[in-house]
Each structure stands twice: as structure tokens, then as C-alpha cells.
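S.K.: Take a look at this one; I'll ask things after.
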Amino acid sequence: MSMERPLAELLPTVAEYTLDLDFEDFIQGERPMVLRGLLATDDDEHTEIAERYIDWAVRSQSSDGLMAYGSIDVVPEWDEHRIFRPIPDAGAVAVLALEAYENGGPDSYLEACRRQFEYLHEDAPRSEDGGITHHMDDIELWIDAIYMMCPFMARYGQLTDTPEAIDEAVDQILVHAKHLRDPQTDLYRHIWRETPNSYPDGSLWLRGNGWFATGVLDTLDYVPEDHPERDRLEELVRDHLLSMAEYQDASGFWHHLIDDDTMYLETSGTLQYAYAFTEAVDRGLLEEEYREVAEDAIGAAKTVVTPDGAVQRNAAMPGGPEAPQAINLYGQGWFLIAGKRVLESDAAV
């Protein structure tokens, strides 16, 4: 294991292992994490590879505007023959296309993002109170969606001076929180279904909560300081992180189900919180003492990186309470994303 290796030395090793994986073995919701991670390395070769996949997503955008390789994946783990057609996941690809556009990419990238936003804003199926459903089969709100689509819509709104895009991003966070937040713990449940009003998965799943924390923080980058709901977003994520700090295991990890210490210690969600606590402290949302939570989390994750760069002990697809452990793009990508963010923060301090 890699407990004693410096983080700066581990990052290129993890990146190289990641590039040896066959991305086609993973569904669309996993790919954006590793592409963002590769971009975070600031390595020209890694950037070229990531941008190749981003370009593919743009060129294969569906006629509806979904920028996710056609937006249909067969996921055998869910049910035999079930087709899982996630709607918000395309936004996690689109936000990378926006980044590529801002770094000199072609105008076609911005046009593709316009079509992607218009689909989410105008055409995507919704709950009665406006929440964009996670997939086509039923009206369901999943906590994953906050990360997958809200930073994209807010960034698109800022870049193109489209206030309704920022408002849509904020509204989606608030309506998802309305249905999924557990007011007793400030943690978030996985899935709410509109009809019947129920929780197909009401677990307090670690990576799902990580999608909430990182998604809100990334969205805040593009929400104006004078936006009427900005304080509420900051309050939601601050309260959530204060609660999460209480659940951190002495090892630095969190459990796969946050409130169940009989469950295994999980890496990808722990890495999300290394990122989230670093962000929150740097933004002044949390006191400096909470930086230690992030440092303990990234230190724990280092202990499960193999010498050749595999990040172990991640919840496999489809996630949720029954997920086994695996090496996957979530673990690889979040190690690169969180590791780079922690290093940047340490350098600034």
C-alpha cells in the first residue's frame, strides 16, 4: 500500500493506472469523474485524452440535447434487461465541455451546452414541484443529480449571462433537499419517488451524500453573492458538513452507509469529503479546524492505493446499501480531483 508515499507522487501513478482501464466497461455516470480528474493533473497527455472523450460526448449528443453518449446504458446490476436512462448525468459531461470551450474549444461546444441546458430547463420530466426526475421510468429525485446537473447549469448561466440557468440550478438543489434531507441528521437519502410518495432507497449512502456536498459547493462558484437563495445554499452545505464531521471514523474514512458502523469503510465518498471540507474551509464556510477532517480523509485514502495506482474499496455500481467494493472510475477520478484540490490548498496556506 501507499501510506508513506507523498500525495504529489501518488497522483501521476493513479492517473496512469486509470488510463489503463477500459472506460467502456463503465457507465456514463462514472466517466465524467475520471475525465475531470485527468484534467486536474495539468498533464498535457491526460488533458488530450480527456478532451477526446469530451469531444465524443459533444458529437454524439442526442437529438433531444442529451450530451452523454446517447444517454442510454444497460446496467445489468439493477434488474435483468432494465435500461437505465439517467437524465441529470449528461450535465456532468456538459460542464466539462464548458471548461473545454472556455480553454479555447470550438463554438460547437457552447452550442451543445445550450441544447443541453434547454433540454433540462424546458423538456425534462419533472415532479409536481419542479424537481427534474433522475430517469425516464418514474418520477424520482436522486441525490446524485445535484452534482450531475447543477454546477453545469449555474456555470452555463454565468458564462452566457442567462440568469434563469443559475436560478434553475439553485431551484433543483432546494427541491431535492426538500425531499431527500433528513432533518434529524442533516444527511441526505438516496431516492425519493413521487408516486407513491415513498423512498425506494432511503439509506444515508456515503457517495450519495458526497454528490450533495460537492455539487452544492461547485454550484456556488457561479451563484452571485446577491442571489436571494445563496445564503440558504451555504447554510445547507455548512450544516451538512458539520454533521458529517461527527460521523468520520477514527481511521479518516466514512462508512459506506454513514450511520451504520457495521458497513465497510468506503474510499470514493471519503475522497469527496476530502474535497468538500477543503473547499468549505477555504471559502470561509467552516472554521480552520475542519481542515483536519479533510487531511485525515485524504490520508486514509492514500492507504488503499496499490503500488501501481489502483484506488481500492469503492462502492460499485449501482451504489446504494447493497453495493460491493470495487476498483472503479469513481475512486480513480475522485482521488485525482480531491488530491489536486488538497495540494492546491496546502500550497496556498
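S.K.: Report every pair of residues separated by at least 6 positions or lying on different chains whose Cβ atoms are under 7 Å apart, first residue within the stretch 224-252 and closer than 19 Å to Ile298 by Cβ, second surrounded by fewer than 15 Cβ atoms within 10 Å (Cβ to Cβ) and charged (D, E, K, R).
M.R.: Correct list of pairs: Tyr247/Asp259.
S.K.: Separate question: Pull up the stretch 179-208, narrow it to residues that are closer than 15 Å to Asp138 by Cβ and aromatic (Phe, Trp, Tyr), then point me to the one that is most open to solvent (accessible area, probe 1.4 Å).
M.R.: My answer is Tyr199.
S.K.: Might you let me know whether the stretch 100-114 holds any residue that is assigned to a loop (DSSP other than H, G, I, E, B), under 21 Å from Val34 (Cβ atoms) and not small (Gly, Ala, Ser)?
M.R.: Checked the stretch 100-114: at least one residue is assigned to a loop (DSSP other than H, G, I, E, B), under 21 Å from Val34 (Cβ atoms) and not small (Gly, Ala, Ser).
S.K.: Residues to consider are Asp221, Asp167, Asp239, Asp144; find the one that is among the charged types (D, E, K, R) and over 21 Å from Ala276 (Cα atoms).
M.R.: Matching residue, one of Asp221, Asp167, Asp239, Asp144: Asp167.
S.K.: Oh, and also: Looking for whichever is open to solvent by 70 Å² or more (accessible area, probe 1.4 Å) and within 25 Å of Glu16 (Cβ to Cβ) here; the options are Ala310, Ala316, Ala347. Which one fits?
M.R.: The match here is Ala347.
S.K.: Continuing with the same structure: May I ask you to list the residues in the stretch 308-320 that are over 24 Å from Ser203 (Cα atoms) and part of a loop (DSSP other than H, G, I, E, B)?
M.R.: Result: Asp308, Gly309, Ala310.
S.K.: Still on this structure, please answer the following. Quickly run through the stretch 125-138 and pick out the residues that are buried (at least 16 other Cβ atoms within 10 Å of the Cβ) and among the small types (Gly, Ala, Ser).
M.R.: Ser127, Gly131
S.K.: Assuming Glu266 fulfils every condition listed in (1) within 20 Å of Tyr330 (Cβ to Cβ); (2) open to solvent by 10 Å² or more (accessible area, probe 1.4 Å); (3) of a type in the set (Asp, Glu) apart from one, which condition is it?
M.R.: All conditions pass for Glu266, except number (2).
S.K.: Here is a follow-up. Checking Glu122 against (1) open to solvent by 10 Å² or more (accessible area, probe 1.4 Å); (2) more than 17 Å from Gly65 (Cα to Cα); (3) acidic (Asp, Glu), which test does it fail?
M.R.: All conditions are met except number (2).
S.K.: While we're on this one: Could you say which residue among Thr267, Thr262 is farther than 16 Å from Pro6 by Cα, hydroxyl-bearing (Ser, Thr, Tyr) and in contact with a helix residue (DSSP H, G or I) (Cβ under 6 Å, 6 or more places away or on another chain)?
M.R.: Within the list Thr267, Thr262, the selection yields Thr267.
S.K.: Can you tell me how many residues within the stretch 135-192 are hydrophobic (A, V, I, L, M, F, W, C), under 29 Å from Glu102 (Cα atoms) and in contact with a Gly (Cβ under 9 Å, 6 or more places away or on another chain)?
M.R.: Within the stretch 135-192, residues that are hydrophobic (A, V, I, L, M, F, W, C), under 29 Å from Glu102 (Cα atoms) and in contact with a Gly (Cβ under 9 Å, 6 or more places away or on another chain) number 12.
S.K.: Now a separate question. I'd like the full set of residues that are among the acidic types (Asp, Glu) and either touching a strand residue (DSSP E or B) at 6+ places or on another chain (Cβ under 9 Å) or modelled with pLDDT under 95 (or both), limited to the stretch 169-198.
M.R.: Hits for the stretch 169-198 are Asp182, Glu194.
S.K.: Does Glu322 meet the test of being within 17 Å of Asp144 (Cβ to Cβ) and among the acidic types (Asp, Glu)?
M.R.: Yes; evaluated as a whole, the condition is true for this residue.
S.K.: Of everything in the stretch 1-54 that's small (Gly, Ala, Ser) and assigned to a loop (DSSP other than H, G, I, E, B), which residue is modelled with the highest pLDDT?
M.R.: Gly29
S.K.: For the stretch 134-153, which residues satisfy the criterion of being in contact with a Phe, Trp or Tyr (Cβ under 9 Å, 6 or more places away or on another chain), assigned to a loop (DSSP other than H, G, I, E, B) and among the β-branched types (Val, Ile, Thr)?
M.R.: Scanning the stretch 134-153 gives a single hit, Ile143.
S.K.: What do you reckon, is Ala323 in a loop (DSSP other than H, G, I, E, B), under 28 Å from Glu16 (Cα atoms), under 19 Å from the mean Cα position of the chain (by Cα) and of a type in the set (A, V, I, L, M)?
M.R.: yes
S.K.: If you take the residues of the stretch 291-307 that are surrounded by fewer than 20 Cβ atoms within 10 Å (Cβ to Cβ) and part of a loop (DSSP other than H, G, I, E, B), which of them is farthest from the chain's Cα centre (by Cα)?
M.R.: So the residue we want is Pro307.
S.K.: Let me ask another. Please identify the pairs in which a residue from the stretch 289-313 that is among the basic types (Lys, Arg) has its Cβ atom under 7 Å from the Cβ atom of a residue that is surrounded by 18 or more Cβ atoms within 10 Å (Cβ to Cβ) and part of a loop (DSSP other than H, G, I, E, B), counting only partners at least 6 apart or on another chain.
M.R.: Qualifying pairs under 7 Å: Lys302/Ser2; Arg313/Val304.
The values are calculated or read from the model by the stated rules, or taken from the named source; none is laboratory data. In this text, all values refer to a predicted model and were calculated from it rather than measured experimentally. Heads up, the Cβs are rebuilt from the backbone with ideal geometry, glycines too, and the neighbour counts pull from every protein chain shown. Accessible surface areas use protein heavy atoms only, side chains included; no ligands, DNA or RNA. Shrake-Rupley method; radii C 1.70, N 1.55, O 1.52, S 1.80 Å.
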